[in-house]
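Visitor: Sending over a structure as structure tokens; questions will come in a sec.
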Amino acid sequence: MSVADTALIAYTNPQSESARTHQRAVRVMPGGNTRTTVYRHPWPPYAARGQGAVIVDVEGQERIDFLNNYTSLIHGHADPDVVAAVIAQMALGSSFGMPTEHEVDLAALLVESVPAVEQVRFTNSGTEAVMVAIQAARAFTGRPLIAKFEGAYHGFYDFAAVGTGIGKNGSPDGRPTPMVHSHGTPHGVTENVVILRYNDLIGLEQEIAEHKDDLAAVLIDLMPWRMGLIAAEAPFVRALRELTTTHGILLIADEIITLRVAPGGMQGRHGVRPDLTTMGKVIGGGFPVGAVGGRAEVMAVFDPSDGSPKVPHGGTFNANPITMVAGLATMRKLTPEAYGRLDTLGDALRRGLTEAMAKAGFPGHVTGAGSLFGIGFGEAPPRDFRAWLGTDRVRTMRAQIYEVLLARGVVVAPHLVGCLSTAMTRADVNALVEDVGAVLTSIASERSADSVAS
Ligand code: PMP
């Protein structure tokens with residue numbers, strides 16, 4: 001199937017079930033949408049169901065799901081153990097105005113898995129986890145500023161969302177600008193966020209020297225999904241930990257996605273010990289979740305036992321038992337063997353994709369680790385967001401590739417990153433490699449036809 005043939009997929013037909021649902025949706029939701037991430041022009045395929053590695057849309061088209069609800073399902077859809085745990089809990093009640101033992105079990109599991117996590121608080125989303133981590137860092141240090149990296153997405157809490165995009169021209173001295181995520185964000189927010197460039201050691205040293213007395217925390221994702229899963233370089237991470245420790249600045253590692261790479265997350269792979277860690281996605285087994293954990297001394301800001309915690313943290317559905325039992329069922333199956341199998345499949349996929357790119361004659365590189373993978377274009381491996389974004393031509397090509405993959409029956413994220421689940425087999429991985437190879441070859445031949453014609 002070529003780029004031009006994508007119009008043939010069922011959901012794009014104006015008479016399709018998806019089109020009809022979208023027409024109803026636009027009347028009652030802005031743009032027919034309630035989650036910007038899943039908006040697609042002119043409308044998205046609506047999901048009907050999922051089973052294991054497969055997602056089925058309302059037209060009945062089956063696709064291999066390398067998105068897994070943006071990495072949250074590590075055992076694929078409707079995993080039987082998760083389903084059984086949730087059904088059993090549903091019959092006992094879905095949420096209470098009392099804690100349950102399940103939250104203690106899941107907190108204990110996380111404390112055991114991530115050495116830097118000594119204590120845990122649960123939230124209902126990753127956004128909230130990052131929000132309370134920032135609040136905790138400010139309360140602990142008594143300082144107002146946070147620093148984060150240009151292009152990295154940490155949810156949509158105002159402070160964490162600054163700098164997710166790129167300011168038009170950057171500041172006159174070439175530093176990244178604190179561009180806001182939503183219109184109307186007050187200056188008070190941008191004034192309290194320092195934007196750093198990923199893997200830029202000199203920039204990091206300069207900014208920390210300038211703001212060291214006011215910085216509460218540096219927030220980093222060690223392999224940011226939205227930046228194509230480019231890797232934080234080991235010397236950079238080491239320097240970041242040293243500088244933050246020297247100046248009493250907390251280091252917050254956002255492992256909301258990367259906890260699926262290894263039991264101890266990317267921090268384990270780097271051998272770095274952050275003060276706070278945010279977690280989410282897989283730990284909720286497919287249900288809404290987030291968590292912040294870290295050094296007991298810092299986590300004490302949440303402790304209500306003396307009657308006045310520094311950070312009072314409520315939430316009607318925090319640690320609700322449905323999420324907790326689903327998370328426990330998921331995480332208990334995520335044994336070292338399961339991680340090992342995902343690593344092996346991931347390595348095969350990354351190798352296959354690299355070969356497919358070379359065969360089609362595309363300069364590029366495959367990013368990711370463990371169950372995460374990304375496809376990037378360009379001669380040199382990108383080290384920061386601007387480099388990863390690439391030219392307009394690269395961005396257009398990514399969008400085309402995504403469309404054709406969707407048509408051929410595989411789902412990845414629109415910026416060509418994705419993840420594996422334990423429900424996948426070597427055949428699923430081979431299918432993705434074959435599809436990417438076919439799409440790249442067809443783009444290459446369309447291009448050479450264009451250049452012959454012009
Ligand atoms: N941090 C990271 C690294 C994320 O990828 C995301 C979501 N994709 C979030 C935070 C926010 O999580 P949520 O969507 O659960 O609010």
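Visitor: Please name which of 235, 256, 83 has its Cα lying farthest along the dipole of segment 80-333 towards the positive end, using unit charges on Cβ (Lys, Arg +1; Asp, Glu -1) and the Cα centre as origin.
Guide: Projecting each Cα onto the dipole axis, the largest value belongs to 83.
Visitor: Given an 8 Å cut-off on Cα distances and at least 6 residues of separation, report the relative contact order of segment 353-454 as a percent.
Guide: Value for segment 353-454: 30 percent.
Visitor: Moving to a separate point now. Net charge near residue 140: determine it from the other residues with C-beta under 11 Å of the C-beta of residue 140, scoring Lys and Arg +1 and Asp and Glu -1.
Guide: +2
Visitor: So what is the calculated 222 nm ellipticity per residue for the chain, using -39500 (n - 2.57) for each DSSP H run with n of 4 or more, over all residues, to the nearest 500 deg cm²/dmol?
Guide: -12500 deg cm²/dmol
Visitor: Take the alpha-carbon centre of segment 206-277, take the same for segment 74-89, and report the distance between them in whole Å.
Guide: Taking the Cα centre of each part, segment 206-277 and segment 74-89 sit 33 Å apart.
Visitor: Under a Cβ-only charge scheme (Lys and Arg +1, Asp and Glu -1), can you give me the dipole magnitude of segment 388-444 about the Cα centre, in debye to the nearest 20?
Guide: In total the dipole reaches around 120 debye.
Visitor: If I take every Cα pair under 8 Å that is 6 or more residues apart in segment 212-336, average their sequence separation and divide by the length, what percent do I get for the relative contact order?
Guide: Relative contact order, segment 212-336: 20 percent.
Visitor: A further question on this structure: Defining a contact as two alpha carbons under 8 Å apart and six or more residues distant in sequence, what relative contact order in percent does the chain show?
Guide: Relative contact order comes out at 21 percent.
Visitor: Pull out a ≥ b ≥ c, the square roots of the eigenvalues of the alpha-carbon gyration tensor of the chain, then state rounded if a/c is under 1.5, prolate if not and a/b is larger than b/c, and oblate in the remaining case.
Guide: Note, shape of the chain comes out oblate.
Visitor: Moving to a separate point now. Using only the alpha carbons, work out the radius of gyration and Dmax of segment 80-333 in angstrom.
Guide: Taking only Cα atoms of segment 80-333, I get Rg and Dmax of 18.2, 61 Å.
Visitor: Using the Cβ atoms and a cut-off under 12 Å, what net charge is assigned to the surroundings of residue 295, where Lys and Arg are +1 and Asp and Glu are -1?
Guide: Around residue 295, the charge tally is -2.
Visitor: Take the alpha carbon atoms of segment 365-406, find their center, do the same for segment 119-168, and report the distance between the two centers in whole angstrom.
Guide: Computed from Cα coordinates, the inter-centre distance equals 26 Å.
Visitor: If you don't mind, there's one more thing I want to ask. So, counting K/R as plus one and D/E as minus one, what does the shell of residues with Cβ under 14 Å around residue 330 add up to?
Guide: So the environment of residue 330 carries a net charge of +1.
Visitor: Restricting to lysines 8 or more places apart or on different chains, can you count the pairs in the chain with Cα atoms under 24 Å from each other?
Guide: 6
Any read-out appearing in this document is the output of simple, stated calculations on the displayed coordinates, not a laboratory observation. A quick note: this is a predicted structure, and the numbers were derived from the prediction, not measured. Neighbour counts run over all protein chains shown; Cβ positions are idealised from the backbone, glycine included.
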